[in-house]
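Novice: Okay, handing you the structure first.
A short reminder: the numbers here are calculations on the coordinates, not readings from a lab. The model shown is predicted, which means the values in this text are computed figures rather than measured ones. We place every Cβ from the backbone using ideal geometry, glycine too, and count neighbours over all the protein chains shown.
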Amino acid sequence: MSISDNVSRRDFLKSALSVSVFASLNGGVLLGRDTIGLRSENGTITGVVAIDLDQYPALNEVMGSVRLEFPNLPIFDQCTFGVGGDAFGRVMLSRVGPTEFSAVSARCTHNSCCIDDFNKDTERFRCQCHGSEFSISGDVMRGPASAPLTSYDTTFDGDRSVSIDIPGLPTAVMSESTSLTMLGQSTPNPVRDEARIEYTLHRGGQVNLAIFNLRGELIRSLVQSYQTPGVYAVRTDCSSLAAGIYVYRLSTSFGYSASRRMTVGAG
Ligand code: FES
């Protein structure tokens with residue numbers, strides 16, 4: 001399956017695949033699930049994981065950290081439980097400042113064992129095998145490891161969402177996803193002026209994208225046309241809409257239908 005790049009700038013698309021997220025401070029208790037996505041940037045597809053901060057209280061404070069598990073997806077930096085043990089894709093996402101986040105691979109650079117969850121008391125990650133320790137940003141604090149943990153770029157939207165770029169995800173996502181047709185969350189949200197709605201089609205068909213009020217009344221039709229497979233972004237001026245919550249819905253002739261909410265703020 002190929003994804004055409006109908007959007008020239010950085011764009012984010014959620015996929016149907018999921019990633020388990022565990023809170024470090026709760027001993028690995030499953031708190032929720034997020035989605036892995038794809039981002040198209042000038043023709044290059046990058047794997048992205050979007051984290052909704054509302055779901056993960058541990059990330060609301062500086063030095064808070066969560067562990068992301070990719071149970072079925074091989075990523076570049078798999079770690080093992082014990083030298084030569086089963087391999088896992090793990091990424092540690094931490095808040096290192098009011099608006100700064102750090103994402104590092106859990107693979108110890110000494111001999112590929114998995115590091116433990118972040119210890120808030122020692123302010124370090126510790127490797128399970130030979131005791132190497134790393135700072136919250138992945139720097140070596142104690143050997144035998146001599147190289148920092150692999151780090152991934154993070155993007156904070158300034159509000160409630162952090163996304164992580166993870167090399168190696170695109171291939172896995174594209175090969176394992178049964179359907180890449182999906183509707184993304186509008187940005188910004190809430191919106192006062194222009195909203196941007198992103199979606200991707202895994203096959204061609206008649207596409208309808210429209211905004212409704214909560215009574216189900218059509219407010220605005222955004223797309224009504226045949227579209228080929230690919231990535232799309234639609235911009236719409238919301239400044240004339242009354243403040244409140246709206247629903248936008250994507251439906252296709254091949255049976256896909258999804259709705260999301262967007263909030264229009266008072267001007
Ligand atoms: S594998 Fe981490 S310290 Fe040896």
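Novice: For region 105-113, just list the computed ³J(HN,Hα) in residue order, Karplus coefficients 6.51, -1.76 and 1.60, θ = phi - 60°, integers in Hz, with x standing in for Gly and Pro.
Specialist: Taking θ as phi minus 60°, the curve returns 5, 7, 8, 5, 7, 6, 8, 6, 6 Hz for region 105-113.
Novice: Going through region 184-262, which GluC sites (Glu not before Pro) have at most 11 other Cβ atoms within 10 Å and a DSSP loop state? Please report the intermediate quantities before stating the final value.
Specialist: On the way: sites: 194, 198, 217; in loops: 217.
Passing sites in region 184-262 are 217.
Novice: Using a Debye calculation, one point per C-alpha and no hydration shell, please list log10 I(q)/I(0) for region 181-264 at q = 0.17, 0.18, 0.25 Å⁻¹ in order.
Specialist: Log-scaled intensity ratios, in q order: -0.62, -0.70, -1.25.
Novice: Something else now. Where does each of 77, 54, 165 land when they are ranked from fewest to most other beta-carbon atoms within 10 angstrom?
Specialist: On the way: 77 20, 54 12, 165 16.
Ascending Cβ contact count within 10 Å gives the list 54, 165, 77.
Novice: Next up: Please give the FRET efficiency for residue 260 paired with residue 142, using the beta carbon to beta carbon distance and R0 = 35 Å, rounded to the nearest 0.05. Intermediate results must be reported in sequence, preceding the final value.
Specialist: Values: r = 46 Å, r/R0 = 1.31.
The computed FRET efficiency comes out at 0.15.
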